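Here is the structure we will look at, set down as structure tokens.
The values are calculated or read from the model by the stated rules, or taken from the named source; none is laboratory data. If you're wondering where the values come from, they're calculated on a predicted model, not measured in any experiment. Glycine also receives a Cβ, built like all others from the backbone with ideal geometry; neighbour counts cover every protein chain displayed. These accessible areas exclude ligands, DNA and RNA; they are computed on the full protein's heavy atoms, side chains included. Shrake-Rupley method; radii C 1.70, N 1.55, O 1.52, S 1.80 Å.
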Amino acid sequence: MAFETLHYMKNHQHGKSGFMVLKLDMSKAYDRMEWVFLEGLMKKMGFDVRWIALIMECITTVSYSILVNGDPSDIIHPSRGLRQGDLLSPYLFLICSEGLHGLLNKEAEEGHIRGVSICKKGSRLTHLFFEDDSLVFCRATIAECQNVQNLLNVYEKASGQQLNRNKTGLFFSKSTPPNILNQIKELLGVQEVKNHEKYLGLPSLVGKHKKASLMFIKEKILAKLQGWKEQLLSQAGREILLKAVIQAIPTFAMSCFKIPITLCEEIKSLIRKFWWGQRGNQRKIHWTKWSALCKPKDLGGMGFKELQKFNEAMLTKQVWRLLANNDSLFHRFFKAKFFLNGSILDAKEGNGSFAWKSILKGRDVIKKGLQWRVGNGDSIHIFHDVWLPTPRPQR
């Protein structure tokens, strides 16, 4: 949704005021979390008292001792903070984020923050959260920015969080007047981002040069492989590293974007050379085709992923989410613009982002094997749908 919204803001006019995105970056987000705020929020959310007491005992019993010239200091008992690396901490941080989520929803309901809609009848998007990676959408007006500023001040005082204004950025739609833009930057005290570069590690805006925008995937894989080439690894060790690390690196990107074929081939070439033990310009014999190694082990292969097919499968999962989860924000957001009177199977490409066009590639895959049953007939378009049974039953 973030990719589609940013694409829409970049390419469309929004009246006189325009819209903006505020990317929040909290300073030492885990270390500054107040325990009193966390406990109060869990009570407000309706958690059982005994469960809250158990969680608070896990958090508050921590103590530290610092070595000074080799000698341990007195025991330090902190009053706030979540331990990074603890498996419980990310979930507790998400609970704390519910406080900011509730404040933003309240402001939106009262009309103090308008949010962004990518079409006339679409849902308005005011914010997106993923742990400490947060985006806030609002109109580019002094009044609305002041409301956001007041809201953040309330959240900072209650939770102990503090906005890192050096890393926080603003992205404006192209219709924002320059004088308003400068006033907002001074009011919030943050810098403008000309092109919102990344969200969750992926490029938010992908232009015509798609391969160049996604080249960071290959660079990340190459850096890993170069570090491993200096080590003496057995064939089994190389297999585990390739499957568990290298082929997992592009997973998230492949679930959002259709990776160019040439980039997939270059990544596959790097993996092949590492598998056969090639170093630098040294050439090694490839004893069998890579397609044979990508077969499952019970069919004589090694079970490596075919990147292009894996990419299509990940995008197909997104299509299935749009077909099956009709109550999700993801479904409501895209349905209003791309398939208002049908399902994603009826959607047109339109003026969508690269992420949306990539999802449609997954639709092409699911159409090949998708079957549906005739129920009460309400969803059948008799002149367009192939609703009669095929001559041969499909297996």
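Assess whether N147 counts as being open to solvent by 30 Å² or more (accessible area, probe 1.4 Å), farther than 25 Å from W35 by Cβ and at pLDDT 85 or above.
Against the criterion (open to solvent by 30 Å² or more (accessible area, probe 1.4 Å), farther than 25 Å from W35 by Cβ and at pLDDT 85 or above), N147 qualifies.
Given the criterion surrounded by fewer than 18 Cβ atoms within 10 Å (Cβ to Cβ) and over 24 Å from the mean Cα position of the chain (by Cα), identify the matching residue among A248, A244, A236.
Exactly one of A248, A244, A236 is surrounded by fewer than 18 Cβ atoms within 10 Å (Cβ to Cβ) and over 24 Å from the mean Cα position of the chain (by Cα), namely A236.
From the list L360, L388, exactly one residue is aliphatic (A, V, I, L, M) and modelled with pLDDT under 80. Which is it? Step through it out loud before you land on a result.
On the way: L360 fails: modelled with pLDDT under 80.
It is L388.
Give the residues of the range 325-359 that are among the aliphatic types (A, V, I, L, M), farther than 16 Å from A2 by Cβ and either out of contact with any helix residue (DSSP H, G or I) (no Cβ under 9 Å at 6 or more places or on another chain) or buried (at least 19 other Cβ atoms within 10 Å of the Cβ) (or both), sorted by residue number.
A336, L340, I344, A347
Checking A29 against (1) over 30 Å from N179 (Cα atoms); (2) part of a helix (DSSP H, G or I); (3) open to solvent by less than 70 Å² (accessible area, probe 1.4 Å): exactly one of these is not met. Which one?
The failed condition is (2).
Which residue is farthest from S213 (Cα to Cα), if the candidates are limited to the range 368-381 and must be open to solvent by 100 Å² or more (accessible area, probe 1.4 Å) and at pLDDT 75 or above?
So the residue we want is N376.
Identify all residues within the range 170-185 that are surrounded by fewer than 22 Cβ atoms within 10 Å (Cβ to Cβ) and in contact with a strand residue (DSSP E or B) (Cβ under 8 Å, 6 or more places away or on another chain); write none if there are none.
Hits for the range 170-185 are L170, L181, K185.
Restricting to the range 58-106, name every residue that is more than 24 Å from the chain's Cα centre (by Cα), free of Cβ contacts under 8 Å to residues at least 60 places away in the same chain and within 30 Å of V136 (Cβ to Cβ).
The answer is I59, P78, S79, G81, K106.
Determine, yes or no, whether K198 is open to solvent by 40 Å² or more (accessible area, probe 1.4 Å), out of contact with any strand residue (DSSP E or B) (no Cβ under 9 Å at 6 or more places or on another chain) and touching a residue at least 12 places away in the same chain (Cβ under 8 Å).
Spelling it out, it is not the case that K198 is open to solvent by 40 Å² or more (accessible area, probe 1.4 Å), out of contact with any strand residue (DSSP E or B) (no Cβ under 9 Å at 6 or more places or on another chain) and touching a residue at least 12 places away in the same chain (Cβ under 8 Å).
When you check K121 against the structure, is it open to solvent by 50 Å² or more (accessible area, probe 1.4 Å), in contact with a Gly (Cβ under 9 Å, 6 or more places away or on another chain) and either assigned to a loop (DSSP other than H, G, I, E, B) or touching a residue at least 60 places away in the same chain (Cβ under 8 Å) (or both), yes or no?
Answer is no for this residue.
When you scan the range 251-268, do you find a residue that is open to solvent by 30 Å² or more (accessible area, probe 1.4 Å), over 21 Å from K211 (Cα atoms) and not in a loop (DSSP other than H, G, I, E, B), even just one?
For the range 251-268, residues open to solvent by 30 Å² or more (accessible area, probe 1.4 Å), over 21 Å from K211 (Cα atoms) and not in a loop (DSSP other than H, G, I, E, B): absent.
Give the residues of the range 52-79 that are surrounded by 10 or more Cβ atoms within 10 Å (Cβ to Cβ) and touching a helix residue (DSSP H, G or I) at 6+ places or on another chain (Cβ under 8 Å), sorted by residue number.
Residues satisfying the conditions are I52, I55, M56, I59, T60.
Please pick out the residue among L92, L100, L82, L38 that is touching a helix residue (DSSP H, G or I) at 6+ places or on another chain (Cβ under 9 Å), part of a loop (DSSP other than H, G, I, E, B), at pLDDT 85 or above and open to solvent by less than 30 Å² (accessible area, probe 1.4 Å).
Every option except L82 fails the conditions.
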